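The values are calculated or read from the model by the stated rules, or taken from the named source; none is laboratory data. On a predicted model such as this, the values are computed, not experimentally measured, just so you know. Neighbour counts run over all protein chains shown; Cβ positions are idealised from the backbone, glycine included.
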Ligand SMILES: [Zn+2]
C-alpha cells in the first residue's frame, strides 16, 4: 500500500501524492461541509486516501467524490471510499458508462488506442471494484466551489475542475508534468483521441488560468497558459482569459 503525502496546492486544495510508478495524485478540496475528493487512485490505495483525509482538521469527512475519467489509476479506490464515507460519486454523463465498467476501447480513435485500451480493460480495469456514478455533471456546473470544464480526448468524457476562489485548475490528465516536462500521456495508446486531447488543451490555455495542477506530476504555477502554448507550438503571450485574474 502506498504512503500518502499531502502536498498543499492552495488555500482549499491539497494533493495526495500516491507515490507509485506513475506519480499519481488525488486531490482533497475543502468546502463548508467537509472534503470533496477528486479521483481515487489505483485499486488498493483507498486507505492511503482515507488516512490523508483524516489527518486534516474537521470537518474532514469526504462528502463528494468527483471522478475526472475512467482510467484505473483514477477510479480504483472509489467504490470503497464511497461506501465508507457515504459520499456521492459524480462524473460526466459521457464518462459514466466507462467508469461503471464499459471498455474505453469502444470509443478509441485509431488502431493503437483500440489495442492498448482493450488490453488495459482485460488486465487492469477488471481489477477495479465496480463503482456507480450517482450524479452526472455538465460543463459549467459548480460543485462545492469547483466549476466543471470539459476536456475530452484523453478519454471521451474527461472533465477538469476549476476552483474559482483559489484560481487553480485541476486539469486531470489533459496535461502531464512528469520527468521535468509537460506533455500528453507518456503511455502510448492510453489516450482515446489524440487530436481531441490537443484541442482540449489548447482551450485550457485560452481559459487563462495561471495555476494548473495535473494528476501526474507537480503543479504548474504562474505561467501555465504560456507553457501549454509553447508545448502545442502556439504563439505565446495570447490574451489573458477571464479566469485566473487575481
Ligand atoms: Zn488517464
| query | Do we find that residue 59 is without any contact (Cβ under 8 Å) to a residue 40 or more places away in the chain and closer than 22 Å to residue 212 by Cβ in this structure? | reply | no
| Can you tell me which residues in region 195-220 are within 12 Å of residue 158 (Cβ to Cβ), assigned to a helix (DSSP H, G or I) and touching a helix residue (DSSP H, G or I) at 6+ places or on another chain (Cβ under 8 Å)? | 201, 204
| Filter pass, residue 90 being within 24 Å of residue 213 (Cα to Cα), part of a helix (DSSP H, G or I) and in contact with a strand residue (DSSP E or B) (Cβ under 9 Å, 6 or more places away or on another chain) | no
| query | Inside region 129-158, can you point out the residues that are in contact with a helix residue (DSSP H, G or I) (Cβ under 7 Å, 6 or more places away or on another chain), surrounded by fewer than 18 Cβ atoms within 10 Å (Cβ to Cβ) and at pLDDT 95 or above? | reply | 136
| field | Count - residues of region 159-180 that are surrounded by fewer than 21 Cβ atoms within 10 Å (Cβ to Cβ) and more than 16 Å from the ligand (Cβ to nearest atom) | value | 6
| query | Here are 98, 80: which of them is over 19 Å from residue 159 (Cβ atoms) and modelled with pLDDT of 95 or more? | reply | 80
| request: Starting from region 65-84, keep only residues that are under 23 Å from residue 118 (Cβ atoms), then list their pairs with residues that are in a strand (DSSP E or B) and within 11 Å of the ligand (Cβ to nearest atom) whose Cβ atoms are within a distance under 9 Å, requiring at least 6 positions of separation or different chains. | output: 68/172; 69/172; 73/24; 73/216; 74/24; 74/172
